[in-house]
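Read the structure below first, then the notes.
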Amino acid sequence: MNCRECVEHLYEFLDRELTTELEREIRDHLEDCPPCGEQYDFEELFLKFLRARCKTQGAPAELKKRVLRELFGE
Amino acid sequence: MAKTPSPDVSPPIDEKRASFEREALVHLDVLYRVALRLSGNPSDADDLVQETMLKAYRAWDQYEKGTNAKAWLLTILRHAFINEYRRRTRHPETVDLDKIEPYAVFPEVQDEDPQGAFFDRIVDDEVLRAIDQLPVAFRETLVLSDVEGMSYQEIAGILDIPVGTVKSRLFRARHLLQGKLYDYAVEMGYIKGSPA
């Protein structure tokens, strides 16, 4: 595993979408390679940031009422 | 001998309602968030969610209970969106996705801010605005993955594309979004950098 391959698979690694074997290779590489480790931290932080910024919004109460009214007539 | 109900008989209405509430209505927030990012405004998002729920309730007997209601509902929502979008838009988005070649932001900030502290200064609205500027094919993939936490397989099913395409769209969508947020952060003076 070289740095280019590691960076290419970084998102799949973070998303836990890799085979066990590839996942182990990436983990080994990250432990041995500080620059890739830094990039991993950065990308992980970015994804957490994204989720935190976007997940706050829920359906408005009025919409919930409207859906219930439409479906069940209440 | 106990009678077994015939499988093609619809369940009683209150049973249908109870299972719909339990398995479908609980996903209202997810549907709304995705609808809002797809349609771009609260009023259209409301209509899209409403239409999705009506369609889902009508087709509820076809849904295999206890499987993946969230993915099933999102598939309905996306079809509704595409139909509406095609109907309304005379000039649909003609972005050549393959020509978009986003770059990774990390090498740009590696020296100044490798921990990405500048992200913390970017407020919710700005992030949402940047997401809304992504081409729709990137936007929907990114939202399903990064906001709603769905797997590549689930996303592939909802968008009706191969898993490999999910992977490459997600990769490019994330980098494109990072680039937009980085440019914004530079513009605002949150980070020195040099805008791309």
With under 16 Å from B:L181 (Cα atoms) and in contact with a Ser or Thr (Cβ under 8 Å, 6 or more places away or on another chain) as the only criterion, which of B:D113, B:D124 stands out? B:D124
Enumeration of residues in region B:170-185 that are basic (K, R) and buried (at least 23 other Cβ atoms within 10 Å of the Cβ): B:R174
For region A:56-66, check the following and say yes or no: at least one residue is open to solvent by 60 Å² or more (accessible area, probe 1.4 Å), over 30 Å from B:M53 (Cα atoms), of a type in the set (S, T, N, Q) and at pLDDT below 95. no
Taking B:G40 and the conditions (1) in contact (Cβ under 8 Å) with a residue 60 or more places away in the chain; (2) within 30 Å of A:E38 (Cα to Cα), which numbered condition does it fall short on, given that it satisfies the others? (2)
Within region A:47-60, is even one residue touching a Phe, Trp or Tyr at 6+ places or on another chain (Cβ under 8 Å), free of Cβ contacts under 8 Å to residues at least 24 places away in the same chain and closer than 22 Å to B:V109 by Cα? yes
Residue pairs qualifying under the 9 Å Cβ cut-off, at least six apart or on distinct chains, with the first in region B:149-164 being over 14 Å from A:Y11 (Cβ atoms) and at pLDDT below 95 and the second being among the aromatic types (F, W, Y) and surrounded by 12 or more Cβ atoms within 10 Å (Cβ to Cβ), are none
Within region A:16-42, restricting to residues that are in contact with a Leu (Cβ under 8 Å, 6 or more places away or on another chain) and of a type outside the set (A, V, I, L, M), the one that is surrounded by the fewest Cβ atoms within 10 Å (Cβ to Cβ) is A:G37
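The values are calculated or read from the model by the stated rules, or taken from the named source; none is laboratory data. As the structure is a computational prediction, the values presented were derived from the model and not from experiment. Positions of Cβ are backbone-derived with ideal geometry, glycine not excepted, and every protein chain shown enters the neighbour counts. The area values use the complete protein model at the heavy-atom level, side chains included, leaving out ligands, DNA and RNA. Shrake-Rupley method; radii C 1.70, N 1.55, O 1.52, S 1.80 Å.
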